[in-house]
Amino acid sequence: MTSMPVFPPAFCDQLHELFMWRRDVRHFRRDPVPESVLAELLATACLAPSVGLSEPWRFVRVDDSARRQAVRDDFSQCNAAALSARAGTDAGRYARLKLAGLDDAPHHVAVLSHPDPAQGRGLGRATMPQTTTWSTVMAIHTFWLAATAAGVGVGWVSILNPERIKAVLDVDPALELVAYLCVGYPAQPAVTPELERRGWEQRAPERREWVHR
Ligand SMILES: Cc1cc2nc3c(=O)[nH]c(=O)nc-3n(C[C@H](O)[C@H](O)[C@H](O)COP(=O)(O)O)c2cc1C
């Protein structure tokens, strides 16, 4: 029988540091991440749990400059709509936020999810079909943490029209767009969320308490 490794306290402390330093990154250096590192990140992401071992995630590298431009245009349109839906001072504060690093990030990765994959044979999905999406989110988070450990930044962009993005990427329309990730080396590493640093929102201490029933 294989014995599980013991993770010493020093490792656990460092792991905690990793969780603390995982950031949503919107400011990137332009130099590319080596392909070998990107391949490792993808392999690690695929260690994530998934409902019925269905592995419903599909990671799509967006390399084509015309497709990238179309994604940027869609973001601008969706972000302008989000801004105009806000009123008063809130709109001014929203307008000052940087909500994507699409221009500078050397790598764009769309993450899609198969809503009804043959793999996994339907196990666990009968009453909660959303579990395929959640499985894909697990893979994204695993990718995000592995990237942080490798010094690579990830920024999640959701201010997009998913149907338009799927058309731009020419992917199976049955797939669900879960995330559009900007990937590259961070230009401004920080231990606190950017939205907190810019006074938009802060972590809620009460969320760190268990709710008991
Ligand atoms: C599902 C999801 C969607 C997000 N979409 C965006 C986005 O469109 N633009 C953006 O700037 N940040 C986006 N974020 C990043 C969050 O704003 C960020 O995680 C949060 O402010 C906490 O900061 P941290 O990730 O650096 O800890 C998204 C995060 C998640 C989990």
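When both segment 112-169 and segment 11-56 are represented by their alpha-carbon centers, they are found 13 Å apart. Peptides 98-107, 8-17 ranked from most to least packed give 98-107, 8-17, packing being the mean of other C-beta atoms within 10 angstrom over each peptide's residues. Ranked by the mean number of other Cβ atoms within 10 Å of their residues, highest first, the peptides 147-156, 46-55 fall in the order 147-156, 46-55.
Between the listed residues S113, L42, V157, the Cα displaced farthest toward the positive end of the dipole of segment 24-192, a dipole computed from Cβ unit charges relative to the Cα centre, is found at V157. Computed from backbone phi with θ = phi - 60° and the Karplus coefficients 6.51, -1.76 and 1.60, the 3J(HN,Hα) list for segment 75-90 is 4, 4, 5, 5, 5, 5, 5, 5, 5, 6, 7, 9, 10, x, 5, 4 Hz; x is used for glycine and proline. Among 87-93, 192-198, sorting by the average number of other beta carbon atoms lying within 10 angstrom of each residue, highest first, gives 192-198, 87-93.
The relative contact order of the chain, computed from alpha carbon pairs under 8 Å that lie at least 6 residues apart in sequence, is 35 percent.
For the chain, the Cβ-based charge dipole about the Cα centre amounts to some 480 debye (Lys, Arg positive; Asp, Glu negative; other atoms uncharged).
FYI, it's all coordinate maths here, none of it is from the lab. Computed from a predicted model, the values in this text were never measured in an experiment. Positions of Cβ are generated from backbone atoms using ideal geometry, with glycine treated the same way; all protein chains shown enter the neighbour counts.
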